[in-house]
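Notes follow the structure.
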Amino acid sequence: MSETIVSLRNVVKHYTRGKQDVPVLDGLNLDIAKGEFVALMGPSGSGKTTLLNLIGGLDSPTSGEITVAGERLDRMSSGQLARWRARHVGFVFQFYNLMPMLNALRNVELPLLLTHLSASQRAANALAALTLVGIADRAKHKPGELSGGQAQRVAIARALVADATLLVCDEPTGDLDRKSADEILHLLQILNREHGKTIVIVTHDPKAAEFGSRSLHMDKGALLDAGTLAA
Amino acid sequence: MKYLPLIWANLWRKKTRTIFTLLSVAVAFLLYGALATLDYAFENPSAGVTGVDKLITTNKFSITLLLPFSDVQDIAAVPGVAVVTWLTWFGAYYQESKNFVFAVPIDTATYFDLHKDEFVVSDAQMAAFRNNRSGALVNSALMKKFGWHVGEKLPLHSTIWTQKSDGSLNWTFDIVGTFDAKDPTQASQQSSTVLFHYELFDEGRSFGKGQVGWFEERVVDPSQSPQISQKIDALFANSPNETKTQPAKDFAMSFLKQIGDVGFVLRAILGAVFFTLLFLTGNTMMQSVRERTPELAVLKTLGFSDAKVLGLVIGESLLLCVLAAVVGLAASYALIPVVHSVLQGVDLSHGEQPAGLGVAVLLAILVGTPPALRAMRLNVVDALMEKR
């Protein structure tokens with residue numbers, strides 16, 4: 001049996017909006033094995049992004065246990081979580097979230113600023129990541145000079161460059177046309193299959209979910225059925 | 001240093017705004033450099049104005065009030081006083097009021113005895129000056145400035161003293177010689193000086209005859225100056241013309257302060273400039289950080305700690321303020337010779353510019369801290385939700 005990389009036990013998450021307590025996740029349990037490509041689906045407000053944020057160490061649960069890559073995230077302070085994210089997780093967002101004033105190479109280099117690598121090593125690693133996602137020829141271009149698909153490839157390179165164990169992707173194809181979306185999903189599939197990256201994506205797109213090895217459906221803060229898709 | 005490219009890129013995110021902010025900060029530091037230099041000059045009048053062995057006696061209440069010439073005998077009799085001379089403010093200009101000339105009536109014998117180490121005059125020209133009651137010795141730099149020549153008439157306009165003969169404020173002297181400062185550091189002090197005979201002045205003026213503006217004394221032992229000052233002032237205590245005797249250096253400062261507390265005015269202007277700058281730059285920084293909320297959230301997502309994000313914003317503020325300050329202070333440094341040519345007789349120091357960098361760092365921290373704290377406290381999840 002594959003090693004479990006993500007484990008959630010009785011996870012509860014409430015948000016406070018004004019004086020109101022808003023429950024989002026209610027006693028959620030989930031295991032994700034190392035090397036899985038999990039597609040998380042569900043209607044808006046079902047708690048997908050909240051779950052993704054908890055797995056990625058961006059947020060802490062109200063209660064429950066979250067273990068990712070062997071470490072208990074629910075016990076970490078915000079500073080510890082920041083250091084943990086830098087070592088273990090790569091994030092890919094719907095709107096790419098690249099720094100508009102930095103070129104592609106500099107954007108990809110950003111996570112490496114938190115390491116002890118030299119400037120030349122950082123540049124070499126960033127270029128290698130851009131090469132891996134097939135966009136090395138646009139290394140000197142700024143985000144505004146790239147198409148949506150190209151920008152998302154740069155964002156994926158940024159997520160990969162520090163050799164993250166886990167990639168969490170929030171609607172990575174939500175802002176792309178079908179062709180670009182398929183290319184990005186195909187790229188993620190290669191990273192999963194050939195480079196062993198564990199990937200969790202949130203998507204509304206059933207076609208996107210088909211690229212994953214497992215799809216999970218959420219509604220009203222709970223996981224519904226869990227299915228395994230043919231690889 | 002590895003964060004510098006990121007900080008630099010952030011700084012130039014809105015080029016126009018950054019350029020205008022840089023310009024306003026640079027102009028403020030140009031003003032700072034110029035005004036702080038002047039302030040220093042007024043607070044620290046050149047130690048070379050006169051030596052430590054010289055005292056100056058003025059009216060106790062104001063240097064604009066005159067003293068009786070007869071006091072000179074009493075002052076000269078004070079033990080420890082080697083020489084006494086007397087002078088009066090003539091307030092002259094050449095042709096136009098902007099052409100200030102420090103024309104001063106002197107008693108030739110005592111004045112050159114007291115200031116014997118300060119002037120270089122040829123023997124022939126000194127003799128010509130002694131022998132000509134309407135003669136004037138003019139600083140060679142002033143001669144050059146106005147294109148005067150020895151042998152020419154020198155018409156000067158006094159702002160105070162009318163002539164007894166015709167009630168006119170115009171006085172005419174014969175240029176009989178030139179002088180230079182023996183000590184090059186005093187050259188600027190003497191660069192607008194014209195010396196002429198006290199007898200001519202005293203006899204020619206329509207009022208104030210027998211009165212002088214102030215006395216200057218040289219003491220035998222400089223360490224006795226405080227005691228001698230007290231003795232001189234004691235001579236005239238409770239008289240209609242009480243005196244105030246002080247070292248020449250202090251007198252120079254109080255003389256400058258006749259036009260008001262220059263230092264206070266300069267510091268008030270600087271205070272107003274920096275108070276305005278604080279809000280202007282602070283607002284710009286705050287706006288800049290507010291616009292970049294999603295980007296800062298992304299940095300945190302990538303693993304940048306709260307402290308690192310705080311440091312990046314403070315670093316940006318430092319880069320902005322120090323860069324602009326260097327430009328402004330360099331410009332003020334370059335302007336010193338120009339200011340000096342306008343304010344002749346005031347020694348200007350270059351020492352205030354480095355201190356300006358300290359002010360720039362303080363300003364950067366003050367304006368950078370509020371937006372940096374905001375960035376540090378940013379909740380990643382909320383900020384990313386805004387982006388969505």
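The values are calculated or read from the model by the stated rules, or taken from the named source; none is laboratory data. Every value quoted in this text rests on a predicted model; they were computed, and no experiment measured them. Using ideal geometry, Cβ is built from the backbone for each residue, glycine included, and neighbour counts are taken over all protein chains shown.
Taken together, B:K308, B:K257 contain a single residue that is modelled with pLDDT of 90 or more and basic (K, R), which is B:K308. Looking at A:R72, A:R106, A:R85, just one residue is closer than 17 Å to A:L166 by Cα and within 12 Å of chain B (Cβ to nearest Cβ), and that residue is A:R85. Filter the range B:191-230 down to the residues that are of a type in the set (S, T, N, Q) and under 28 Å from B:G80 (Cα atoms) and list them by number. Once the filter is applied, which keeps residues that are of a type in the set (S, T, N, Q) and under 28 Å from B:G80 (Cα atoms), the range B:191-230 yields B:Q211, B:S223, B:Q224, B:S225, B:Q227, B:S229, B:Q230. Within the range A:89-111, residues that are without any contact (Cβ under 8 Å) to a residue 24 or more places away in the chain sit with their Cβ atoms under 8 Å from residues that are assigned to a helix (DSSP H, G or I), at 6+ positions apart or across chains, in these pairs: A:R106/A:A126; A:R106/B:P5; A:R106/B:L6; A:R106/B:A9. The residue that is surrounded by the fewest Cβ atoms within 10 Å (Cβ to Cβ), among those in the range A:52-69 that are within 12 Å of another protein chain (Cβ to nearest Cβ) and of a type outside the set (D, E, K, R), is A:S60. When the range A:196-222 is examined, which residues are found to be of a type outside the set (D, E, K, R) and surrounded by fewer than 14 Cβ atoms within 10 Å (Cβ to Cβ)? Of everything in the range A:196-222, those that are of a type outside the set (D, E, K, R) and surrounded by fewer than 14 Cβ atoms within 10 Å (Cβ to Cβ) turn out to be A:G196, A:P206. What are the residues in the range A:88-103 that are hydrophobic (A, V, I, L, M, F, W, C), under 23 Å from A:L73 (Cβ atoms) and more than 7 Å from chain B (Cβ to nearest Cβ), if any? Within the range A:88-103, A:V89, A:V92, A:F93 meet the criteria. Within the range A:53-82, can you find the residues that are under 18 Å from B:V309 (Cβ atoms) and out of contact with any helix residue (DSSP H, G or I) (no Cβ under 8 Å at 6 or more places or on another chain)? Result: A:S77, A:Q80.
Does A:G35 satisfy the condition of being away from every other protein chain (no Cβ under 14 Å), on the phi > 0 side of the Ramachandran plot, out of contact with any Phe, Trp or Tyr (no Cβ under 6 Å at 6 or more places or on another chain) and assigned to a loop (DSSP other than H, G, I, E, B)? When the stated conditions are applied, A:G35 passes them. If you check A:S78 against the conditions, is it polar (S, T, N, Q), under 27 Å from A:A33 (Cα atoms) and at the interface with chain B (Cβ under 10 Å from one of its Cβ atoms)? Against the criterion (polar (S, T, N, Q), under 27 Å from A:A33 (Cα atoms) and at the interface with chain B (Cβ under 10 Å from one of its Cβ atoms)), A:S78 qualifies. The residue of the range A:150-176 that is farthest from A:N192 (Cα to Cα), among those that are in contact (Cβ under 8 Å) with a residue 40 or more places away in the chain and charged (D, E, K, R), is A:D175. Of all residues in the range B:1-38, those satisfying the criterion of being within 11 Å of chain A (Cβ to nearest Cβ), in a helix (DSSP H, G or I) and surrounded by fewer than 16 Cβ atoms within 10 Å (Cβ to Cβ) are B:L4, B:P5, B:W8, B:K15. Would you point out which residue out of B:T301, B:T293 is within 12 Å of chain A (Cβ to nearest Cβ), in contact (Cβ under 8 Å) with a residue 24 or more places away in the chain and surrounded by fewer than 20 Cβ atoms within 10 Å (Cβ to Cβ)? Only one candidate qualifies: B:T293.
Of the helices (runs of 4 or more DSSP H) lying entirely inside the range B:71-149, the ones with 1 or more residues being closer than 22 Å to B:I56 by Cα are found at B:71-76, B:108-114. Could you please let me know if B:G311 is more than 14 Å from chain A (Cβ to nearest Cβ), surrounded by fewer than 21 Cβ atoms within 10 Å (Cβ to Cβ) and in a helix (DSSP H, G or I)? Judged against the criteria, B:G311 is not a match. Only a single item in (1) over 18 Å from A:V22 (Cβ atoms); (2) surrounded by fewer than 16 Cβ atoms within 10 Å (Cβ to Cβ) is not met by A:G45, and it is number (1). Among the residues of the range B:146-164, those identified as closer than 20 Å to B:D180 by Cα and crowded, with 17+ Cβ neighbours inside 10 Å are B:W148, B:L154. Scanning the range B:262-288 for residues that are within 14 Å of chain A (Cβ to nearest Cβ) and hydrophobic (A, V, I, L, M, F, W, C) returns no hits. Of all residues in the range A:133-149, those satisfying the criterion of being without any contact (Cβ under 8 Å) to a residue 40 or more places away in the chain and either over 14 Å from A:P100 (Cα atoms) or among the hydrophobic types (A, V, I, L, M, F, W, C) (or both) are A:I135, A:A136, A:D137, A:R138, A:A139, A:G149. Checked against the criterion of being within 26 Å of B:L66 (Cβ to Cβ), of a type outside the set (F, W, Y) and under 29 Å from the mean Cα position of the chain (by Cα), the range B:118-130 contains one or more residues that satisfy it.
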